[in-house]
Amino acid sequence: MNPATRTPSPPRDTAAEEIAAALGRDSVETAPEHLLAYECDGLALLKERPRMVILPRSTDEVARAVSILHRHHIPIVPRGSGTGLSGGATPVRGGAVVSLARMRRLLEFDPVDRLAHVELGMVNLDLTGHVARHGLSYAPDPSSQAACTLGGNVALNAGGPHCFKHGSTTLHVMGLTIVLSTGEVAEVGGPEPDPQAYDLRSLFVGSEGTLGIATEAWLRLQPLPEVVETILVSFASMDAACRAVAAIVDAGVEPAALEILDDRTIEAIEASVFAAGYPRDAAAVLLVELEGSDLAVAHASGQVGAICGALGPLLIQASREEEERRRLWKGRKGAFGAMGRVAPDLYVMDCVVPRSKLPEALAGVRAICDERRVRNANVFHAGDGNLHPNISYDGRDADEVRRVLDAGRAIAEWCVSLGGTLSGEHGIGIEKNEYLPLVFGEAELMGFRELRLALDPAFLMNPGKLLPRRLCGEIAVNGRRNS
Amino acid sequence: MTSRLPKELLDELKEAAGSAGRVRRSEDEAHAEVRVSDADGIARVLRISGRERIPVFTRLFPFGAVERAQAGIRSILLDMTAHSGIVRYSASDRVLTARAGTPLADISAAAAEHRQRLPVDPPAPRAMTIGEAVAKNEWGPLRTGWGTLRNYVIGCQVVLPNGTLWKSGGPSVKSATGYDFHRLQVGALESLAVGSEFTVRLTTAPVVRVGVVSHGGTFPTMLGRAFRVRELPDPPAALFVLERAGQAPRLCTLYEGVPAAVDRAASRLEGLFAGERVMGSALDTLLDEAREAPLEPGFRTLGIPGLTVRLTCRPSRLLDAVEAAQRVLEDLESPVNLCAHPDVAAADLWIANRAGADSSAVQEQVAAAVAAAAGGAVRLRRPHETHGGVRTGAPTAGLRLLERVKHHFDPANLLNPGVLPYPAAPAAATPRAEVQST
């Protein structure tokens, strides 16, 4: 072969070679075709290819890899299953993606103490699968729970429908093993109920991998309830559904979940494989889940029936049968998947408003989207005031992408103006980092930055996330718009 | 040699406290007690503290003195008890914001008007302020069913040691927006920042409450029964075994909710372990006993100092931990009282410290015994002491992390110093990233 026509070999990546030597060659990917899958997470609006992907098998391997990356001053991007929706796992500054996909072991399960010690690459639903036969469950249940990892849940303080009663991830994490940016391993909390001195669990949960990589966790499990009843109520107006939610809470009922789906979501679901038999003529479907002892559930069910009955529902269905309940939830759980029929791409937003402002918030969201000629549908955790405005779009249409992003910003501003906040469970990531000044002043933002620098002085941990770009260090944020 | 606070500094502190504030100097003229009534006053005092390098100790409890100040060493006692009042309350959203010096009883009274409550029940609710409860992560018997303040604090406004006002979280009951500093404040003993306001979510107050008290058995028997209660389908709101010296242990279970369900749960328990129902004021007294007795045995009545340790461990190790602690305390030749919460995996043990044993030394001994027997942790529990202190043995990566966090917020170690057993570490020497100007 003529040397002049030979394809030049790529330059040696000494950091990747060192990591391969330390962890094994099959633990590092650098081939472009393998890196493609790690360009973004569930937020496909922004993509960037990493320099390498590392697939460690243990905390010790994570620590060794991170130590090498730190020495080479390479940005470190932790990743679970890549189901996040705020771009938290998108390597906007290139660098190395550290995937926990191979760390899925249940290290210890103690049914008496109701504790599980897990590696955080474990898929959320797998944990409940492991512990259910002992009458226990893990409460946080994001819609992606069949695919998302517990590590991603920790990073984003993930929630889910049942967090209305049981709280978000932070309330279920008792201890964490953290690999800091230098490769040092620190234990935060543990199997005992209270940590010593500062509750650093709170600081790390929801920190989006910017303070370290959480590799293992002690998680609190809870007993399965004696009875679960799911009630579906359909209404001719969204306003009536929202009033039902307010009245249920005001009446002192403590449901496990209070979820609402709007007409466009119902339409998408019923036309998809996730069809659950929701009434197509309804403007809103309210799902109420009650759990507890049979008498407590019977009492609450009566209250919910009376409250909703007074608001002129189109239909009320209640069931305690597992199969029927599963059907009622099928549409809700499959809502985001069902949107795939509407357009090639979906932007799932996440904002919170006070529960009392739900009708006003939803009307505003719809108006914002209509003004920008983007298609909006809503499915949300009504009990928490946690909205998920969904915008279906075609990523190949640059103008539509621009309008989608513009609508996203306007929705964020609108929710904050109502006394709400930017995210209830998806985190800030790269989706909303420029919106943070809507909720925090300069003092807080600088404080966040300083806190981050205190734990990661070189700003290597998931750079470009959680803070506005101007506070994210010296390396410019790369990334290309998906257009 | 006594280091006096100069008059000019006292004048400055008076000005910082504002017209509603108050400043007093101690007899040795080394300490100033500054009562403030707003966040601005807190900020001004902290700025003076930082400039003059004078430690600040906060007081959030209306009686009892903070004993951390050392004779002859200058310090400022920042009295927050006048910084009180409910700032906002949205009953429809079940969210309430109160200033740090607001007694929990005031919050309960406001919430009760809407059949709501903050389901955290630390001792002395008339005196206990929300700030104190957050700082010390105070809890009571309801922790079994309802958790701690960590479950309910959803936002805070704090003043950093440099006088900067800072907020975290807010009125949204669910948030994944920015670092969670408000929960970091829970149990931080005000050593990272001074809490000015706290926002909490409330829950619906129960329609009825019924307690069931069972007698007849040793402490291990009662603890075994408690674990059986834990497995029943009706989750209790409180579950504890109370053993006063010289009395038989009692297993106490509280059910809350709607009448039919509570009645059935209580009946089920009565069928298992012959017990008696307790309601109304008798129930309140029982819960008070579990909450408050460990705090001050003889404090008011006999003037005898009490010594209380709180141990925590995994639930299944609770008996081992309690027995290990009992053995140490019995050596002090004082009858041991105890209240154990099996679902929480915590127990308070207290004695009337007639022998005047050194409490820190006792804590060390109990901690070592509990750690060896059950892998648990122990802290002193004295109601009027701001600091619990951490005893963790040799420095570990986790401890270094704690130090870095403390050092980040309070580099001069002036705010309620002494929480960590080691001096705050200097910042890591790694070069820091520069801010990109845009």
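Of the residues making up region B:171-186, not one is more than 7 Å from chain A (Cβ to nearest Cβ) and in a loop (DSSP other than H, G, I, E, B). Summed over region B:20-37, residues that are closer than 16 Å to B:ARG59 by Cβ and assigned to a loop (DSSP other than H, G, I, E, B) total 4. Considering (1) within 12 Å of chain A (Cβ to nearest Cβ); (2) in contact with a helix residue (DSSP H, G or I) (Cβ under 8 Å, 6 or more places away or on another chain), the lone condition that B:SER196 does not fulfil carries the number (1).
Residues are listed down the side, and each one gets a yes or a no for (1) touching a helix residue (DSSP H, G or I) at 6+ places or on another chain (Cβ under 6 Å); (2) at the interface with chain B (Cβ under 7 Å from one of its Cβ atoms); (3) modelled with pLDDT of 95 or more; (4) farther than 29 Å from B:GLY163 by Cα:
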| residue | (1), (2), (3), (4) |
| --- | --- |
| A:SER423 | no, yes, yes, no |
| A:PRO437 | no, no, yes, no |
| A:PHE448 | no, yes, no, no |
| A:ARG481 | no, no, no, yes |
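Which one is nearest to B:ARG404 (Cα to Cα) among residues in region B:156-172 that are touching a residue at least 40 places away in the same chain (Cβ under 8 Å) and buried (at least 24 other Cβ atoms within 10 Å of the Cβ)? Per the criteria, the residue is B:VAL159.
The set of residues in region B:51-73 that are modelled with pLDDT of 90 or more and assigned to a loop (DSSP other than H, G, I, E, B) comprises B:ARG53, B:ILE54, B:PRO55.
All conditions in (1) in contact with an Asp or Glu (Cβ under 7 Å, 6 or more places away or on another chain); (2) within 12 Å of chain B (Cβ to nearest Cβ); (3) over 28 Å from B:ALA226 (Cα atoms) hold for A:HIS117, with the sole exception of (3). Suppose we filter B:ILE76, B:ILE154, B:ILE130 for residues that are of a type in the set (Val, Ile, Thr) and farther than 30 Å from B:VAL207 by Cα; which single one remains? It is B:ILE76. The set of residues in region B:310-322 being in contact with a helix residue (DSSP H, G or I) (Cβ under 7 Å, 6 or more places away or on another chain) and either more than 9 Å from every other protein chain (Cβ to nearest Cβ) or surrounded by fewer than 24 Cβ atoms within 10 Å (Cβ to Cβ) (or both) consists of B:LEU311, B:ARG317, B:LEU318, B:LEU319, B:ASP320, B:ALA321. Keeping to region B:400-427, report how many residues are within 11 Å of another protein chain (Cβ to nearest Cβ) and modelled with pLDDT of 80 or more. Total satisfying the criteria: 11. Scanning region B:214-241 for residues that are in a strand (DSSP E or B) and out of contact with any Leu (no Cβ under 7 Å at 6 or more places or on another chain) yields B:LEU239, B:PHE240. In summary, helices (runs of 4 or more DSSP H) completely within region A:311-371 and bearing 1 or more residues that are exposed (fewer than 15 other Cβ atoms within 10 Å of the Cβ), out of contact with any His (no Cβ under 8 Å at 6 or more places or on another chain) and at pLDDT below 95 occur at A:322-333. Within region A:179-190, the residues that satisfy the criterion of being surrounded by fewer than 23 Cβ atoms within 10 Å (Cβ to Cβ), assigned to a loop (DSSP other than H, G, I, E, B) and either at the interface with another protein chain (Cβ under 8 Å from one of its Cβ atoms) or β-branched (Val, Ile, Thr) (or both) are A:THR182, A:GLU184.
The residue list A:LEU261, A:LEU314 contains one member that is in contact with a Pro (Cβ under 8 Å, 6 or more places away or on another chain) and away from every other protein chain (no Cβ under 14 Å), which is A:LEU314. For region A:106-145, a residue qualifies if it is β-branched (Val, Ile, Thr), at pLDDT 95 or above and more than 11 Å from A:LEU219 (Cα to Cα), and the qualifying residues are A:VAL123, A:VAL131.
Considering only residues in region A:191-231 that are in contact with a Gly (Cβ under 8 Å, 6 or more places away or on another chain) and hydroxyl-bearing (Ser, Thr, Tyr), the one that is nearest to the other protein chains (Cβ to nearest Cβ) turns out to be A:TYR198. With in contact with a Gly (Cβ under 6 Å, 6 or more places away or on another chain), farther than 30 Å from B:ARG317 by Cα and among the hydroxyl-bearing types (Ser, Thr, Tyr) as the only criterion, which of A:SER67, A:SER81, A:SER143, A:SER99 stands out? Answer to the check: A:SER67. Just to be sure before I move on: is A:ALA241 at pLDDT below 95, crowded, with 20+ Cβ neighbours inside 10 Å and over 20 Å from B:THR203 (Cα atoms) in the structure I sent? It is false that A:ALA241 is at pLDDT below 95, crowded, with 20+ Cβ neighbours inside 10 Å and over 20 Å from B:THR203 (Cα atoms). Does region A:349-361 include one or more residues that are away from chain B (no Cβ under 14 Å) and farther than 20 Å from A:PRO142 by Cα? Checked against the condition, which is being away from chain B (no Cβ under 14 Å) and farther than 20 Å from A:PRO142 by Cα, region A:349-361 yields no hits at all. Picking from residues in region A:453-469 that are touching a Cys at 6+ places or on another chain (Cβ under 9 Å) and touching a residue at least 40 places away in the same chain (Cβ under 8 Å), the one that is nearest to A:HIS72 (Cα to Cα) is A:PRO463. Against the list (1) assigned to a loop (DSSP other than H, G, I, E, B); (2) of a type outside the set (A, V, I, L, M, F, W, C); (3) more than 22 Å from B:VAL173 (Cα to Cα), the condition B:HIS114 fails is (3).
Considered as a group, the residues in region A:372-395 that are touching a Pro at 6+ places or on another chain (Cβ under 7 Å) and under 23 Å from A:LEU436 (Cβ atoms) include one that is surrounded by the fewest Cβ atoms within 10 Å (Cβ to Cβ), and that residue is A:HIS381.
Of all residues in region B:247-280, those satisfying the criterion of being in a helix (DSSP H, G or I), under 26 Å from A:GLU254 (Cα atoms) and either more than 14 Å from every other protein chain (Cβ to nearest Cβ) or touching a strand residue (DSSP E or B) at 6+ places or on another chain (Cβ under 6 Å) (or both) are B:PRO259, B:VAL262, B:ALA265, B:ALA266, B:LEU269, B:GLY280.
Would you confirm whether or not region B:186-194 contains a residue that is at pLDDT below 95, touching a Leu at 6+ places or on another chain (Cβ under 9 Å) and hydroxyl-bearing (Ser, Thr, Tyr)? Yes - at least one qualifying residue is present in region B:186-194.
The values are calculated or read from the model by the stated rules, or taken from the named source; none is laboratory data. As the structure is a prediction and not an experimental result, all values here were calculated from the model. No Cβ is skipped: glycine too gets one built from the backbone with ideal geometry, and neighbour counts run over all protein chains shown.
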